[in-house]
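First comes the structure, then the notes that go with it.
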Amino acid sequence: MTDNPIEKCQCDLSVLHTEINNFQEIFRHVIPASGDIPNLSGIDIYGRTKPLNGIAGGDHIVFLDFNRRYDLLQRIAAAAAEGKKEVAAKLALNKERTGLLIADVAGHRITDALLTAMLHQSFLLGAQYELKQNGEITVELFENINTRFYQSSSQFKFITMIYGEIFENGTFRFISAGHPRPVVFSNRFNRIMAIDHSNFVSFPPIGIMPSRGSWEADSLSKPTRFKKDYALNEISLMGRGDILLLYSDGLSEHQDSNNRFFFPDFLESKIAEVKERPALEIYEALLDEILAFAPPSDDISFIVIKKL
């Protein structure tokens, strides 16, 4: 060990730099790869996260292509062999839908990605058990995740999240935990359409208060209040070329030096300009426009869902 304070400081910084690089390398394995983008008949999907710092931040996206990730045919056969006809029938429905999760941890530092990684692993592990037990992902999974984060994370660190499933016919069913509401762009009317408030019920962010019905609820030390049970919202994309956009507040709060917000007017005009393109190209065009509008001050994440 050196007694020179300058050399000691340099050594400490080197260790810190190595640890940060190691953390980012680990985090690379939870970032969606190109092969994770779902393949669903009649629906075109693309989405990514652009962290403010490095490759890890507080935003996260998970794609669930049930057919590719979970080998549905094998699971259906196994459920049928065990006499679980209802589970087998629900598993079969997953052939016609795909799951999408977009989340935003309070904060955009590299270390905030720790909560992102925790959510990633707990969600995917829970999904495995949900499919085996129920044949589908139910709100109970998110009740349990919510209480687990309430128990294990700081009161100042919470997660907003949307999890939804898009069907081949364009129906999108989802739950929202304090997350910005989805945007629907109508190809026919060439503009963003207003979503009826009755079609959007949002709940507190993940980890703010426990869920009453979760498996850990009985072990809690008398919390002051419980969260209401999650309920499903539903949106229908009826026309060819309609676009559904899921996003984090890095997009909805993005503004330039003149305090002009990119969302929704500049967003709407750019979507109108590129709406005929595939989802990947729409995503790239929007991201280029966002970055040209102003340097980001937060992680920016969004998913483009287009009805073909």
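The values are calculated or read from the model by the stated rules, or taken from the named source; none is laboratory data. From a predicted model like this one, the values you see are computed outputs, not experimental measurements. Don't worry about glycine lacking a Cβ; one is built from the backbone with ideal geometry, like all the others, and counts go over all protein chains shown.
Values as computed for the structure displayed
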{"quantity": "Unmet criterion (only one of (1) under 29 Å from VAL139 (Cβ atoms); (2) modelled with pLDDT of 95 or more; (3) in contact with a strand residue (DSSP E or B) (Cβ under 7 Å, 6 or more places away or on another chain)) for MET209", "calculated": "(2)"}
{"quantity": "Any hit, region 131-150, residues being in a strand (DSSP E or B) and in contact (Cβ under 8 Å) with a residue 24 or more places away in the chain", "calculated": "no"}
{"quantity": "Residue in region 171-181 that is in contact with a Gly (Cβ under 8 Å, 6 or more places away or on another chain), crowded, with 20+ Cβ neighbours inside 10 Å and within 18 Å of LEU115 (Cβ to Cβ) present", "calculated": "no"}
{"quantity": "All positions within region 225-242 that are in contact with a helix residue (DSSP H, G or I) (Cβ under 7 Å, 6 or more places away or on another chain) and of a type in the set (S, T, N, Q)", "calculated": "ASN233"}
{"quantity": "Failed item, numbered, when ASN187 is tested on (1) touching a residue at least 40 places away in the same chain (Cβ under 8 Å); (2) of a type outside the set (Val, Ile, Thr); (3) loosely packed, with under 14 Cβ neighbours inside 10 Å", "calculated": "(3)"}
{"quantity": "From the options LYS275, LYS270, residue that is of a type in the set (Lys, Arg) and in contact (Cβ under 8 Å) with a residue 60 or more places away in the chain", "calculated": "LYS275"}
{"quantity": "Helices (runs of 4 or more DSSP H) wholly inside region 222-308 containing at least 1 residues that are of a type in the set (Val, Ile, Thr), surrounded by 13 or more Cβ atoms within 10 Å (Cβ to Cβ) and at pLDDT 95 or above", "calculated": "265-274, 279-293"}
